[in-house]
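*Asks:* Got a structure for you, written out below as structure tokens; questions coming shortly.
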Amino acid sequence: MPAAIAADPARSCPPPALTLVPALILDLLYRGLTCLAAPAVHLLLRRRTARGKEDPLRRGERLGRTACPRPAGPLIWLHAASVGESLAVLPLIGRLLARDPALSILVTTGTVTSADLMARRLPPRAFHQYVPVDLPAAVERFLDHWRPDLALWVESEFWPNLLGGVRRRRIPCALVNARLSAGSFARWRRVPKTVRHLLSGFTLALAQTAVEAERLRRLGLADTRCVGNLKYSAEPLPCDDAELARLADALTGRAVWAFASSHPGEEEIAAGLDPVLRAARPDLLTILAPRHPERGDAIAALLAARGLRVARRSAGESPAADTQVWLVDTLGELGLVFRLAPIAVVGGSFTPVGGHNPIEPALLGSAVLYGPHMHNFAEVAAELEAAEGALRVHDADALGTQLSRLLADPAACRAQSQAALEVAERNRHAADRMVEALGPLLARAGIGQGAG
């Protein structure tokens, strides 16, 4: 199965019958099966390219081919599956680069959206490539070319050929910001020998929580530690200061709320709430920022069918005095959205997606609301809720009730946003603890202290 094409890495685990197969034979069997699957993987990549899910100009990277030379000096390969993981590791990347002025960092992801974001957000001496699919030839080409001195894998994406290549080359390897859901843990426990062999290439696992550290330990990864969640260490999302000032001036006096990183079904919730909220605040502006901006045309049509007056960011339109919904169907502008909106609803939480990062709006002064599905950030959400820094609601009606309350009570809104900010600030040292824990592996890889 090709890396980063499957939705759930845990589904790549071999069937239980393979638990009795010795590790080396299992490696050979998996490699053989994936070699046979190569034609199907090539066809899948072509179909994904036709659907806009692969970059046609860089598809060679998915097969381990690149036009980019390996930089001189030590190189860390950091693999993050998609947008959330890659954004979370930006603070770690900055701290690692500060330790050694000769160091470069290769970041791999598997989605077009994450590649676009990394192109804009990575600092000097860090660069992006697409992760190769989990085919033996692609993996060998990738590792032959880049020759990483240290490999860091983010969260829980385990691919046998990639990890096997790292293990055979004796590349120091750690799992960082590790998370393992209860469901994935239960599935992996059905194949204990397989997962123990798969994880054997990791020298160290740095988990988000003590619970996840214990799960990884029980799966066979001996050195596991809880250092906290990197998502707490993220710097506030950036925005253009001049554009912020222009829009803030235009929105002075208006009631504003945002539904950020929305998924299908959640735009309908926002559209349905608009007239309810507008009954009390005729000056209301709803900012709607879909997780996937390419859905902008469909969302604009939905809003227009509801009779809402819409301005589209992708068309260069700013909210006018009579605009009811500002559709921010562009990438990388949540920093602007959260600074403009005193109240932010976290998308992906009213569907089984599992929610997106509530720390991002908290760091920028928004009062945070979300739906019942926050399992991607369960511990973060629990801590925010305990501090009264975020509020979980169970459905659209409850969301409307809480939005009405916060729009009518600016003092309560400010108190909630301040409580969330305090939680975020208390937990901002996860990246520092992670670098400290990685110290022996960095030394083993020949990565010096530099300016750190």
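*Asks:* Can you compute the radius of gyration and Dmax for segment 285-343, using only the Cα atoms, both in Å?
*Replies:* In order Rg, Dmax, the Cα atoms of segment 285-343 give 10.7, 29 Å.
*Asks:* Another one. On a C-alpha basis, how far is the centre of segment 25-93 from the centre of segment 157-188 in Å? Whole number, if you could?
*Replies:* If we compute the Cα centre of each part, the gap is 15 Å.
*Asks:* Provide, as a two-decimal number, the C-alpha radius of gyration of segment 254-401 over 2.2 N^0.38 Å, N being how many residues it has. Provide the component values of the computation, followed by the final result.
*Replies:* On the way: Rg = 14.1 Å, N = 148, 2.2 N^0.38 = 14.7 Å.
For segment 254-401, the normalised Cα radius of gyration is 0.96.
*Asks:* Can you give the relative contact order of segment 241-426 as a percent, counting alpha carbon pairs under 8 Å and 6+ residues apart? Numbers along the way, then the final one.
*Replies:* Details: 339 pairs, mean separation 37.0, N = 186.
Value for segment 241-426: 20 percent.
*Asks:* May I ask you to evaluate 6.51 cos²θ - 1.76 cosθ + 1.60, the Karplus curve with θ = phi - 60°, for each residue of segment 410-420 and list the ³J(HN,Hα) values in order in whole Hz, giving x for glycine and proline?
*Replies:* Karplus values, whole Hz, x for Gly and Pro: x, 5, 5, 4, 5, 5, 5, 5, 5, 5, 5.
*Asks:* Please list, by residue number, every one of the GluC sites (Glu not before Pro) in segment 207-256 that is coil in DSSP and has at most 16 other beta-carbon atoms within 10 Å. Let's see the in-between values first.
*Replies:* Details: sites: 212, 214, 243; in loops: none.
Taking segment 207-256 and a limit of 16 other Cβ atoms within 10 Å, no loop GluC sites (Glu not before Pro) are found.
*Asks:* Using helices alone, I'd like the mean residue ellipticity at 222 nm for the chain: each DSSP H run of four-plus residues gives -39500 (n - 2.57), total over residue count, nearest 500.
*Replies:* Numbers: 20 runs with 196 residues, N = 452.
Roughly -12500 deg cm²/dmol at 222 nm, from the helical runs in the chain.
*Asks:* Work out the charge dipole of the chain with +1 on the Cβ of Lys and Arg and -1 on the Cβ of Asp and Glu about the Cα centre, then indicate which of 161, 56, 244 is farthest towards its positive end.
*Replies:* Of the options given, the answer is 161.
*Asks:* How large is the dipole of segment 259-351 about the Cα centre if only Lys and Arg carry +1 and Asp and Glu carry -1, each at its Cβ, rounded to the nearest 20 debye?
*Replies:* Details: 9 positive and 11 negative charges, 32 e Å.
Approximately 160 debye in magnitude.
*Asks:* Please give, to one decimal in nm, the separation of the simple spin-label points placed at residue 298 and residue 51, each 7 Å out from Cα toward the Cβ.
*Replies:* Output for this residue pair reads 1.2 nm.
*Asks:* When the expected Rg is taken as 2.2 N^0.38 Å, what fraction or multiple of it is the alpha-carbon Rg of segment 69-142? The partial results should precede the final answer.
*Replies:* Details: Rg = 12.3 Å, N = 74, 2.2 N^0.38 = 11.3 Å.
Normalised by 2.2 N^0.38 Å, the Cα Rg of segment 69-142 equals 1.09.
*Asks:* Please work out the Kirkwood hydrodynamic radius for the chain, using every pair of different C-alpha atoms, and report it in angstroms with one decimal place.
*Replies:* Details: mean 1/r = 0.0432 Å⁻¹.
With all distinct Cα pairs of the chain included, I get 23.2 Å.
Read-outs: derived from the displayed coordinates by stated rules, not from any lab. These numbers were taken from a predicted model, which means no experiment stands behind them. Cβ coordinates were reconstructed from backbone atoms using ideal geometry, including for glycine residues, and neighbour counts include every protein chain displayed.
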